[in-house]
1. Tell me, yes or no, whether segment 289-297 has at least one residue that is touching a residue at least 60 places away in the same chain (Cβ under 8 Å), within 18 Å of Pro377 (Cα to Cα) and part of a helix (DSSP H, G or I).
2. In the list Val177, Val206, Val161, Val171, which residue meets the criterion of being within 28 Å of His98 (Cβ to Cβ), free of Cβ contacts under 8 Å to residues at least 60 places away in the same chain and either in the same structural domain as Gln48 (by TED's automatic domain parsing) or surrounded by 13 or more Cβ atoms within 10 Å (Cβ to Cβ) (or both)?
3. Please report, ordered by residue number, the helices (runs of 4 or more DSSP H) entirely within segment 489-569 with at least 2 residues that are farther than 29 Å from Gly280 by Cα.
4. Would you check if there is a residue in segment 470-479 being at pLDDT 90 or above and either closer than 30 Å to Ser107 by Cβ or in contact with a Gly (Cβ under 7 Å, 6 or more places away or on another chain) (or both)?
5. Given the criterion closer than 16 Å to Val480 by Cα, aliphatic (A, V, I, L, M) and at pLDDT below 90, identify the matching residue among Ile540, Ile545, Ile570.
6. What about Tyr324, is it in contact with a Gly (Cβ under 6 Å, 6 or more places away or on another chain) and not in a loop (DSSP other than H, G, I, E, B)?
7. Taking segment 33-61 only, how many residues are closer than 22 Å to Val131 by Cβ and either assigned to a helix (DSSP H, G or I) or out of contact with any helix residue (DSSP H, G or I) (no Cβ under 8 Å at 6 or more places or on another chain) (or both)?
8. Find all pairs meeting these conditions: Cβ atoms under 6 angstrom apart; at least six residues apart or on different chains; first residue within segment 257-275 and closer than 19 Å to Ser285 by Cβ; second residue surrounded by 15 or more Cβ atoms within 10 Å (Cβ to Cβ) and among the small types (Gly, Ala, Ser).
Amino acid sequence: MSPMVQWLAPSPLWSAFTPTAGGQANAAAFRGPALLRFSSDSFMQDLQNLLASNPGALTGYIAQPENWRVPTVGLSPAKTSSSGEDTPTTLKLFQPTHARFYLVSASLVCALPGLPDHRVILNKGERTTFVLRRLQLKSNATVAAGSPFDPTQYDQFAWVVNATTSGWAAVSGLGLVQGEELLPLFNMQFGSNGSRRRIFAGLIPVSRRQTYIAGRALQFPAPQPKTPPPPPVPAVADDPRKIDFQRQVLDPWVDLKDYYDKSMTPPPSSSDLVKQVNFGAMQGSAFILIDFNKFLNDNLPAVFNLIQNPSSASTLQPAQASLYQTLTTAVFQSAPGISLATALQQMQQQYQNAFENEVLAPTQSTDPQPPPPGGYPGFLLTDNSLASLLQRSGDPTTPRQIQSLVEAALDEVGAAPSSNVPPLPIHPNNPQGDDWFVVQCVYQRPQCGINAPPILSQPSLPFQMASYFDPDAPARVVQVALPVDTSPAALRKYDKGVAFMISDQLGMQMSRIKGLQNLMNGDVGAPDGFGLGMICSFSIPIITICAMIVLFIFVLLLNIVFFWMPFLKICFPLPTFTAKGSS
């Protein structure tokens, strides 16, 4: 059956691939699926109307390289550029937000005279779908990426989706890869009863471009040979506990220390500024101590328990004992006689709930430093007496002292527990897109036997997928109608149809803002209000006016740096369009 059934270009295009006088047939296009480009949200209805009225006009919808300056479509398009720029040469598929929709289309026929349509028996499990394949030049390729497509110069990768992961798997044969994603094809009929034919089409999911670009390479286990080789030495994976310590404790601590040193060197001339900096250091130190306690409790429970109960019998192993000893000998300059271990203990047992539940704010607008919650003594991790913990031993790539102690203790307690965190994606790609793709139509026929291979079409023309902010992308025309008459008499007529839920804490924080200039100067007032949550309703028409005004405030300010106003807007006068009466 396999040689008798094949995929070809959609039958309305066959006449365009027939050789004419002095011309040659396009055999490659005839034997592969076609990529159709539509520029309307009603692309499905447009395709149905086209097949019903004039199927041969489908040649005018063949996707071609284009951009917004030179929109091009059809088999023989007129490529002209009014701006004098070079016409595009790369077939790039744009996204639906750019008002572009792309269909892969093909005919499934029998290899008999006249190439009759092959009947797909759905109730016997037969399916027609298509797959998306990523192309990668082989290491020994002799052509450049994007040049005339030669399948022998590329490796293909299939998009595999299963219950645990998704990514690109190498294609080793002519069939499908296990778990490969099958995208749906729908069939459409056209013509009269005497010459009725069918084509298959499917929407290419260009909007999933970022998912495909960020997909990682999957490795599947190869079949074991009769004499298996010795197992390779597994690579040492990053310890997620060490990454968590750096992300949750060490990096915030280093950043807080740098902020404090820069703010206090030279010392501020105003005592109020000194109080503000000290308050920020105190608040940041408190939350870092809270996170440090949580990290020790989760990953080094023996050290955590000894810190919380120093009178208990010590059963620490050497590396953990060294960490504990360092925490007990590192003494705060801002709280003489208090060690870091004691600060961790007091934070856990006395002050943590107060910090996590209390809104820290000045009691008066003239007081830049609010009192700490619950009588907190104000431990400062920015003290110079603790600076040695953040020092590196040697070159800048070596761990800091506290980092070395924690990592040694983690190694001592054993390997990290299994994690459900998904593996990292591939390295960041060029945002303009360097990946090339093809699509292939698939016909599955399980009635021919369990081992019957699916019939795949020839690859389509290779293409790239445009990013959301691709500079070549067409712009969908969007018109936002702002209120015309902005007088109080007119604005009062608009209903308040947008509700924001504001908690008591957010409401008190918002009440501290007394003006834009004061806020820019760092001058915020004391919170007021009744401490109640609220539901506030707003009018969408007025919100749009405010949003546009705020937008242009920042655009005009930053235009001094970027000079982007000429590229942002263009305005045309409408002499007859007035607020009190338009015609």
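The values are calculated or read from the model by the stated rules, or taken from the named source; none is laboratory data. Because the structure is predicted, anything quoted here is derived from the model rather than measured. Cβ coordinates were reconstructed from backbone atoms using ideal geometry, including for glycine residues, and neighbour counts include every protein chain displayed.
1. Looking only at segment 289-297, we keep the residues that are touching a residue at least 60 places away in the same chain (Cβ under 8 Å), and these are 289-290.
From the residues that got through so far, the ones that are within 18 Å of Pro377 (Cα to Cα) too are 289-290.
Still in the list and also part of a helix (DSSP H, G or I): 289-290.
Yes, segment 289-297 contains at least one residue that is touching a residue at least 60 places away in the same chain (Cβ under 8 Å), within 18 Å of Pro377 (Cα to Cα) and part of a helix (DSSP H, G or I).
2. Working: Val177 fails: within 28 Å of His98 (Cβ to Cβ); Val206 fails: free of Cβ contacts under 8 Å to residues at least 60 places away in the same chain; Val171 fails: within 28 Å of His98 (Cβ to Cβ).
Result: Val161 is the single residue among Val177, Val206, Val161, Val171 that is within 28 Å of His98 (Cβ to Cβ), free of Cβ contacts under 8 Å to residues at least 60 places away in the same chain and either in the same structural domain as Gln48 (by TED's automatic domain parsing) or surrounded by 13 or more Cβ atoms within 10 Å (Cβ to Cβ) (or both).
3. Numbers: elements: 504-511, 516-520, 540-562, 565-568.
Passing ranges, in order: 540-562, 565-568.
4. yes
5. On the way: Ile540 fails: at pLDDT below 90; Ile545 fails: at pLDDT below 90.
When all the criteria are applied, what remains is Ile570.
6. On the way: in contact with a Gly (Cβ under 6 Å, 6 or more places away or on another chain): no; not in a loop (DSSP other than H, G, I, E, B): yes.
Against the criterion (in contact with a Gly (Cβ under 6 Å, 6 or more places away or on another chain) and not in a loop (DSSP other than H, G, I, E, B)), Tyr324 does not qualify.
7. Within segment 33-61, the first condition is being closer than 22 Å to Val131 by Cβ, and the residues that meet it are 33-38, 43-44, 47.
Checking which are either assigned to a helix (DSSP H, G or I) or out of contact with any helix residue (DSSP H, G or I) (no Cβ under 8 Å at 6 or more places or on another chain) (or both) leaves us with 33, 35, 43-44, 47.
Summing the residues that are closer than 22 Å to Val131 by Cβ and either assigned to a helix (DSSP H, G or I) or out of contact with any helix residue (DSSP H, G or I) (no Cβ under 8 Å at 6 or more places or on another chain) (or both) in segment 33-61 gives 5.
8. That search, which allows pairs on different chains as well, returns Tyr260/Ala281.
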